[in-house]
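The values are calculated or read from the model by the stated rules, or taken from the named source; none is laboratory data. These figures come from a predicted structure and were not determined experimentally. Cβ placement follows ideal geometry from the backbone for every residue including glycine, while neighbour counts extend to all protein chains displayed.
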Amino acid sequence: MVFDKDAFEQVLNTLQQATFGIEAGQPLPSARFALLLNRGEEAARSMEAIARAFEGRLGVTVEQPLRADEPELLLLTLTGRSFFDSPHLCFEAAYRLIDAFGLANAEPEILTGIFTEPDLGGPSRLEELAVELPMGCWAPPEPRVEADKQWALRAIRIREAWNMSPAGRDQGAGIVIAQPDTGLTSHTELRDIQIKDPIDLIQGDADPADPLTAWFGNNGHGTATASVVVSKASGDVLGSAPKAVLMPIRAIRSVVRTSQLSIAEAINHAVRNGAHVITMSLGGLPSFFLRAAVRRAVRNNIIVLAASGNCVRQVVYPARYDDCMAVAGTNIDDQPWRGACRGPSVALSAPAENVYRARAERVDEEVHFSTGQGQGTSFAVALTAGVAACWLAHHGRDTLVRKAAARGETLQQSFTRLACATARQVPGWNSRTFGAGIVDAAALLAADFDLGAAGPQPEMAVAAPGGDSVRTLVEEAAGGRTVEEIDWEVFGPEIALNIYTNALVGKQLRTGERGVLETIAGARPEPLSASLLERLKSRPGLRDAL
């Protein structure tokens, strides 16, 4: 490993600017960086070299989270220090780490606020927000839903699909769906659901209970999204795969403050413990650590789906990655949901606007359980995950894996091909922005396995370039203009954060509600790191796009 002492002094200075000390017992995460070694570099020696350079300063520890699969991945933790809410300083520290140790890449674990959703505390908050914040994003309550609480299941033709399967294979029976989210509560809508290998990655134990204590951002989000997948018929909510087994993973405190590193760790847990489907009702920035986890899951024939995102127009990550199925949203009239992120990255759509779901919240220190209308691509992807479970159970997962292999496909590629080929389109549907159509569970289960376009996508190594998705993101934000090249792998997360945040801030300024939304989503114009600003001097087109 190359070690530059002068560059290392800059690392120390930047880390001290980007972090602050935390006392034991404070509910703040330790500052972490994901490190990517150059291919072939020995992890054990690299860990030792980095640890020796710090010599205990800033409480640094270095570990190898995965050994056989990705020996090049390391995690550096500043125990007892947490990041300031200054992403540009965090990114600058990552760039300094690259320079000091000759790394292939480094990225900070920052909590992003770009996956906005309503239900931000207090009774009927969704209804209040729909009136207060006319962002062209949230829809008002829909009276027709109260008379047809299961309209979303009807829209995806899930009951017809259930009736096609024999007893014991219907309704996703036996299929394990992993759900990285905020955890679960004891809501009656989740009574008697089957659970496997739960975990709390925040507290470090096996209890994924949601404490409902996040001061911002959709308390009870995990309960809500789980309900539209696995809730039984005994309550107001019925899931799209009520006989499936849920693997709840508490990986985030709030859906609007998401850590890409924690989501990657949740995916790794799902892979290790036999999940068949992973559904992610969340989104954030590009991350080589997250992308590696998604690819690992796909290589293990797990179907991986994620929400396209809300209110920032361009599709967020991990949904934006080719290896992940991006799901956008529709409403009760089969029209696109106004707040759904959209674009060529979207595979298909599912109900997202005014979907009936469980609701759990803490009001004045008291926990309240209820049901009602919710919205966001969180629900679209959760419903679609249930459809995937029904498809696997109906045909038998082992059989589908063998058929996929015979075609030279992963199971993910086979499912995506068939789900898109059987999706339901309505007049005027824009497949360029909202995918192949609305997921149709009955048509999917009835389809011949070889239906759809031939030819698998090539498998790529974990460290292969993934920056193309950031370049296309920038070009979309720039109105289709081509921009100058930059090291998208290294600078992609900071560039993406700038684009998504500007989208939120732009909506706030146009609606005159900036102060309210700043409190809700944490969105505000972000300064750029010194390293990125220096590179933008010779890239005026890219600079203007940001």
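For segment 430-445, the condition holds for no residue, the condition being that it is closer than 17 Å to L153 by Cβ, aromatic (F, W, Y) and not in a loop (DSSP other than H, G, I, E, B). Given the conditions (1) within 25 Å of Q26 (Cβ to Cβ); (2) over 23 Å from the mean Cα position of the chain (by Cα); (3) assigned to a helix (DSSP H, G or I), and given that I98 satisfies all but one, which numbered condition is not satisfied? Unmet condition: (1).
When restricted to residues that are surrounded by 22 or more Cβ atoms within 10 Å (Cβ to Cβ) and in a helix (DSSP H, G or I), segment 64-88 contains 1. Cβ-Cβ distances below 8 Å connect the following pairs, each with a first residue in segment 528-545 that is of a type in the set (K, R), a second residue that is crowded, with 16+ Cβ neighbours inside 10 Å, and a separation of six or more residues or different chains: R535/I486; R535/F491; K537/R543; R539/V483; R539/I486; R543/L536.
Applying the condition of being crowded, with 21+ Cβ neighbours inside 10 Å and at pLDDT below 90 to segment 470-507 and asking which residue is nearest to R543 (Cα to Cα) yields A477.
Comparison of V230, V237, V245 shows that the only residue that is aliphatic (A, V, I, L, M) and in contact with a helix residue (DSSP H, G or I) (Cβ under 6 Å, 6 or more places away or on another chain) is V237.
Filtering A385, A404 for residues that are of a type in the set (G, A, S), under 17 Å from A326 (Cβ atoms), in a helix (DSSP H, G or I) and touching a Ser or Thr at 6+ places or on another chain (Cβ under 6 Å) leaves a single hit, A385.
The number of residues in segment 41-63 that are surrounded by 13 or more Cβ atoms within 10 Å (Cβ to Cβ) and assigned to a helix (DSSP H, G or I) comes to 11. For segment 184-210: of the residues being among the aliphatic types (A, V, I, L, M) and touching a residue at least 60 places away in the same chain (Cβ under 8 Å), which is surrounded by the fewest Cβ atoms within 10 Å (Cβ to Cβ)? Per the criteria, the residue is I202. A404: closer than 27 Å to G239 by Cα, in contact (Cβ under 8 Å) with a residue 40 or more places away in the chain and of a type outside the set (K, R), yes or no? No, not satisfied. Tell me whether segment 25-40 contains one or more residues that are assigned by TED's automatic domain parsing to the domain that holds A93, in a helix (DSSP H, G or I) and out of contact with any Lys or Arg (no Cβ under 7 Å at 6 or more places or on another chain). No: zero hits.
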